Each structure stands twice: as structure tokens, then as C-alpha cells.
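Single-structure report; data block below.
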Amino acid sequence: MYRYNEFDAAFVAERNRQFRAQVERRVSGALTEDEFKPLRLMNGLYLQLHAYMLRVAIPYGTLDSARMRQLAYIAERWDKGYGHFTTRQNIQYNWPKLKDVPDMLDALAEVEMHAIQTSGNTIRNVTADHFAGAAADEIADPRPIAELLRQWSTDHPEFQFMPRKFKIAVTGSPNDRAVIKAHDIGIRVVERDGEIGYEVVVGGGLGRTPMIGKVINDFVAQEDLLPYLESVVSVWNQIGRRDNKYKARIKITVHEHGIDEIRALVAERFALVKPRFEGVDAALFEEIKTHFSGPDFVQKSEAPFKAAYHEDPVFRSWADTNLTAHREDGYAIVSISLKKHGQTPGDASADQMRVMADLAERFGHDELRISHEQNVILPHVHKADLPALHAALKEAELATANIGLISDIIACPGMDYCALATARSIPIAQQIATRFDELKLEHEIGELKIKISGCINACGHHHVGHIGILGLDRAGVENYQITLGGDHTETAAIGERAGPGFSAEDILPAIERLVHGYLDLRASSEETFIETFRRIGMEPFKAVLYPPAPAVAAE
Amino acid sequence: MPKPFTPKVVTANHLLEGDVIYQTADGWTRNLAEAEILLEQADADMRLIEASQQTDVVVGAYLANADASDDGPQANHFREEFRATGPSNYFHGKQAGALPGPLNGQESHNPSRI
Ligand code: HEM
Ligand code: SF4
């Protein structure tokens, strides 16, 4: 894992010292809220509906047990004993007091964490595949690139006052688990004739104008990557629209100018930028890579795994849904679900965080990941240890076997916390998960991604959900719009609106009709929801969502 | 045609605690039911200005719609209902015990303002 160097540590310490002084001046009245707000946002501190909210970066979603324990400590000491893991691989604390925030930041710094660049018009926390360094299908670990980008962009003078925020995601596998096509820049590691390079995708994004990113270059050589990305950002910095906040993201620039024009401008710019990079970045990259060399894998018998798999149906069900193939023989990637039926998606109590930290230490080479799907991953667990791990998870209510299923829902905080929300999202997720658990149908339904946002900003990724739900305020009442056919993977697609929205009471029955409709319409039990949707299109689903009978009010 | 005026309360977040507070005739409260109900536009505008000037106590003061009732002002939009009670996913926030009565002086460095 990447360790801070002296420069990083001094930088964070200085920022924390400055922020402590700024908080003091705000509390004394020397700074007005208008003066203070940009300062607190630069340090990840928001003001939400009921309280302040501190957003802490977890770079490329990677943590060790010491950091996880510190997150637990902070939750207990200064918050209400829990934290919320987000789709941006951050953790949010929902209840800090203004005066405590400098202490919280210092506590984070003790474990080399911070809340910088989690807000504002900067290059945000670079996200990466949560199975990085472990996945069987991986070409190369994406995290060294993510770290290189973090170092390059942190405090880069050209990138502090950009037209708008800028989000980058990296995947090292052909299977995209980092939603790279919904980011301003998406990077995919590719291999061509034995050489590692990068496919670069630009102009993706969700929010009020959702766009799927387009390939601007299908192979950028390793030594060209930083100058190439700098060229992309600086072309956008020049021609991106600063006149209108809603048109400022690079997705609009790409949309308005066309990918071919942008590609040509970037090539021109690249010719100027490239000579300024004299290979320092290449040396740095080699150095960074040594921090991600991976654990010392052990070899032992898989017999305990096989025995438990055979004898214990609960373990088997969990193993079938929550494990993913590892690149190393004898190992598995474990997804710990933070989506126990009826719970708030992505929330973990301080005790649960500690349990996960202990298990990572005992069984997982001391590594944890946060996934954009709001779950926690133990990337390296030997199969022999899985039965003991599972037993410990069960005790902590962390053994829900639902990864990738209908109850593994992404939901943004919505109106329960968020000041921008137009409706709630969490209770909708809770109801859907609880209902399908009661029906005992979710394993029968198979892979199905429901994603819920509480407003048009789309923090819950609803556009790329197989079923997307968007909460709106229609004349003072919560109203939920359904989109179908979205896809967050390498075959990314924006969902299509199904029709008029549903009230908070009607949304659950609507989802039930939709899912029962899918079970009737699918060609076989092998055909997933998204495959059925692609085969037969919107109309049959519309018919089940909006039956002609007067029983269902459709607006 | 301008919309007819509907009753309002002045609400904001508390600078230090961050939680939702409401203006009373002579200070602030954490309970909507104890807020001062404003029945006239001019009065509401004036009270909002007074609230906004207390930058060392409150953040983001605004006028929220409310219905007058015998039990004090009641929220009439779901956003204000959540602000008055807290999140609906857990029993916490205000619903778990907003202290009744006026905010006490310790919560501001400048008690005279409260
Ligand atoms: C609760 C406080 C939050 C606020 C005030 C907030 C605000 C926003 C806003 C204004 C946007 C739209 C930006 C734009 O289109 O330019 C946005 C986008 C986004 N937010 Fe949040 N957000 C919050 C929480 C979250 C959480 C908890 C998550 C993760 C679960 C999240 C993930 C995202 C993502 C992934 C986008 C990207 C959509 C895009 O591509 O533009 N946000 N957020
Ligand atoms: S989508 Fe809207 S409601 Fe949900 S967290 Fe983002 S800004 Fe808040």
C-alpha cells in the first residue's frame, strides 16, 4: 500500500493546522459563512440537512486494518457510532460538530488519511476497481496509476480552479468494475503485442445530463499517460464552458465539440506538453509500483473450504454469491455486504468496522477495500480460512449473501441527510430489500442492479442501474421515476425512462410488478434482467409497470 | 399575480452543532412547535434579516412554510418534516430528543445573541 512520504505528511499537517485556525476564526465570528464555506468544502466539510457532514477520501478504496480501526474510532468518538461508505469510495460522517472537525482531521492524519479534494472544482479522489491487485481477469493493478494521478493532481497549480469538479476512475481489467465510462476521464489498462498501455475514455458523467464516455485514444503508452491526461484537462480548461455551471463538465465539452475535434486538439496540445515531462514521472511510477507489489501468498490445503461448502448450505449460498475468482490459486476475493435486508445501504457501525479490520488482519493480509457499490472487500483470503471468516461475519451481521442481487442496492443519502435532495432514497432501498427477502425470490431473480438517487445529481448512479430509481418532488409529494436498461460495466448504457413516476406508496408494488414481469418474460432462468431487457426492449416492461386496470394509478 | 402569503417560520442550521433551529420571539429553539409563526410578509422579511445578521449563531437562515396550529407551527412539506424530526432510516437526530426550551447560552460564544 502507498505510504505517505515526508512531503505528503507535512502537506496534510499544514492543511490541518490552517483549517483549525479557520474554524477558530469562524467560531469567533471573524470569518463569515460566505468566507468560510469554500474553506470548509476544500476540507471535505459539508453542511447537510441535520448536521455537518465530513467526507473522507479513501484513495482507490484501499485501506488496512489500522485505518479501518481509526475510522471506527472517529465514528464513535465524534459521531453517532457509524459511518456511511459511498459510491465514490469515500466514507461520510453524518453528525460531526464544527469544533470537533479539526480533531477528526488530525486523527485521520495519524493514519495518513485526509478529506482534501473530496469537494470543490478540483480533481477528486481517483477511484479504481475494488478488486485491484486480486482479480483473476486483471491485466495490471490499476492503483499505481491512480496513485500517480493523485500525486500529479494534488495541488497542481493548473488544476485548482477548473471550470468544474473532475472525476477519474481506473480499471485494470477488461471487466469494468469502476464505472469508468461514467467519469470525466476513464482509464482502462490494455495490452497490445505484449506492451501495457491505456485506453482513455472521456466525457462520461451522470447528473442532470448523463453521458457515456467516448474513447479518445485506444492505446496511450505508459510513458505518455500523464502528459496525455494533462493535455485532455488543459484543452477542457481552455474551451470548457465557465459561463454555466450545468454546462461546465467535460461531458458537455465533448458533446458540443464532438470527440473527433477534442481528439485533434488534445493531440496538438500533447505535442507541446510532452517535452516538459522528462521521465521523472516514469521513475516515480516505478517507485509507486513497489508499494503495490501485493502480499506474500501462502499455500495450504483447501479442504476446510470444500468440507464447509459441502456441509453447510448457508455457507454455500454465501460462497456462491459473495466470492469472486482470485488471480492466485487457493485464494478468493470476499465481498462483505453492507446491505443486510432492511439496513441503510453502505452504513457500517464502529463495531462492524472493527470486526472487518480484525478479520482483514487475521485472514486477509491486512487489506480492505471499499467498493463503489457500497460494500467492503477483503481482496486476499485463502479459501481454507473462509469458513472461519464466514462464521465471524455472521456474528457481526455482516454475512448477508446478496452481492449482485436485487437487495444489493446503491442508494444515495437522499432526503434523510442531503440538503440537495428532492426525495428520500434510503427507505425505498430498505423496503425493496426487505420485501424481496420475504418473498425468498432474490436468488431466483439472479443478477439485478437497482440504483437509487434522491435528486437529479445522480449520486446513487440511477442512470446506470438495470433498474434506476430517481426521487423527485412533485407538487410537494415524493415521486419516483423508473429507468430501465442502464448498465455500469464495460457495456455501459444510460437507462431509459419507463413512464410517469410513482408515489412513495406505489413504488414498491411497481418494482414487484416489474420483477415478476421479468420472471415471466425471460427466455430461461439463465437470462438476466438486463439481457431480457436488451432482447425484448421497453414495451413489455411498460405493459407490466402500467397495467390498464384501474387498480393502479399511474401518476 | 403574486402568490398570497402563507405562514412562515425562520429556520437555519446552528453554526456549532450544525442542527436545525428555529427562531422564537427572543432567540432560537430546536423545536419547530416552539418557533415564532410569522403571518405577514413584511414581518417575515424583517425577522429573516435579523436572523441572517446573527452570523456567529446560525448558518443559512431562510423562511420555511408552516401551518399555524394550537400546538404551534407544523411543517407542511416533507422536507421540513424531516428537518423537524431527523432521518427516517434510524431513530436518531431530533426525534431522539431535541432539548425543549430555548437554546442555552453555552451553545454560542455570544449568549446575548440567543
Ligand atoms: C450528502 C451530500 C452530497 C452532496 C451535497 C452531493 C452533491 C452532488 C452534486 C451537486 C453532484 C452533481 C455534480 C455535477 O453534475 O456537476 C453530485 C454528483 C455525484 N455524487 Fe454527490 N453529493 C453528496 C453525496 C454523495 C454520496 C453519499 C455519494 C456516494 C454514494 C455521491 C456520489 C456522487 C457521484 C458518483 C456523482 C457523479 C455524478 C456525475 O457524474 O456527475 N455523492 N453530488
Ligand atoms: S443524488 Fe441528490 S439527494 Fe442524492 S446525495 Fe446526491 S445530491 Fe444528495
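Quick notes on this structure:
- Excluding ligands, DNA and RNA, the accessible surface per residue across the stretch B:8-87 is 40 Å² with a 1.4 Å probe.
- Note on residue A:283 and residue A:165: the model spin-label points, each 7 Å out from Cα along the C-beta direction, lie 3.6 nm apart.
- Relative to the Cα centre, the charge distribution of chain A, modelled as +1 at Lys and Arg Cβ and -1 at Asp and Glu Cβ, gives a dipole magnitude of about 1680 debye.
- Binned Cα-Cα distance frequencies in the protein assembly as shown - 20 Å width, integer %: 18, 50, 29, 3
- Accessible surface, the stretch A:268-339, averaged per residue in Å² (probe 1.4 Å): 58
- Ranked packing of A:232-238, A:466-472, B:77-83, most packed first, by mean Cβ within 10 Å: A:466-472, A:232-238, B:77-83
- Averaged over residues, the count of other Cβ atoms within 10 Å places the peptides A:430-443, A:132-145 in the sequence A:132-145, A:430-443, highest first.
- Label-point separation in nm, residue B:5 to residue A:312, each point 7 Å along Cα→Cβ: 6.9
- Solvent-accessible ranking of B:8, A:339, largest area first, probe 1.4 Å: B:8, A:339
- Accessible area in square angstrom per residue, the stretch A:1-114, 1.4 angstrom probe: 37
- The stretch B:8-87 shape via C-alpha gyration tensor axes, a/c threshold 1.5: oblate
- Paramagnetic label zone (point 7 Å from Cα along Cα-to-C-beta, residue A:10; backbone N under 20 Å) in the stretch A:73-117: A:106, A:109-114, A:116
- Ranking by accessible area, most exposed first, for A:164, A:316 with a 1.4 Å probe: A:316, A:164
- Quotient of C-alpha Rg and 2.2 N^0.38 Å, computed over the stretch A:334-464: 1.09
- Partner chain coverage, peptide B:9-18 - average Cβ within 10 angstrom: 5
- Straight-distance crosslink candidates among lysines, where the alpha carbon sits under 16 Å from residue A:306 and sequence neighbours closer than 8 are dropped: A:383
- Cα centre as origin, Lys/Arg/Asp/Glu Cβ charges: the stretch A:415-553 dipole, Debye: 320
- Burial of 10 Å² or greater, the stretch A:51-93 residues [accessible area, probe 1.4 Å, versus chain by itself]: A:51, A:52, A:80, A:82
- Cα lying deepest toward the dipole's positive end in the stretch A:303-395, options A:321, A:352, A:334, charges on Cβ: A:321
- Listed by chain and number, the lysines whose alpha-carbon sits under 16 Å from that of residue A:97, ignoring those within fewer than 8 places in the same chain, are A:37, A:80, B:94.
- Straight-distance candidates among the lysines for linking to residue A:214, with alpha-carbon spacing under 16 Å and chain neighbours fewer than 8 residues away dropped: A:167, A:181, A:251.
- Heavy-atom accessible surface of the protein assembly as shown: percent carbon and sulfur, 1.4 Å: 52
- Using a 1.4 Å probe over protein heavy atoms, the accessible area lost on pairing B with A, summed over both chains, comes to approximately 2300 Å².
- Order of exposure, largest accessible area first, which applies to A:253, A:290 with probe 1.4 Å: A:290, A:253
The values are calculated or read from the model by the stated rules, or taken from the named source; none is laboratory data. In this text, all values refer to a predicted model and were calculated from it rather than measured experimentally. Note that we place each Cβ from the backbone using ideal geometry, even for glycine, and neighbour counts take in every protein chain shown. All accessible areas refer to the heavy atoms of the entire protein, side chains included, with ligands and DNA or RNA removed. Shrake-Rupley method; radii C 1.70, N 1.55, O 1.52, S 1.80 Å.
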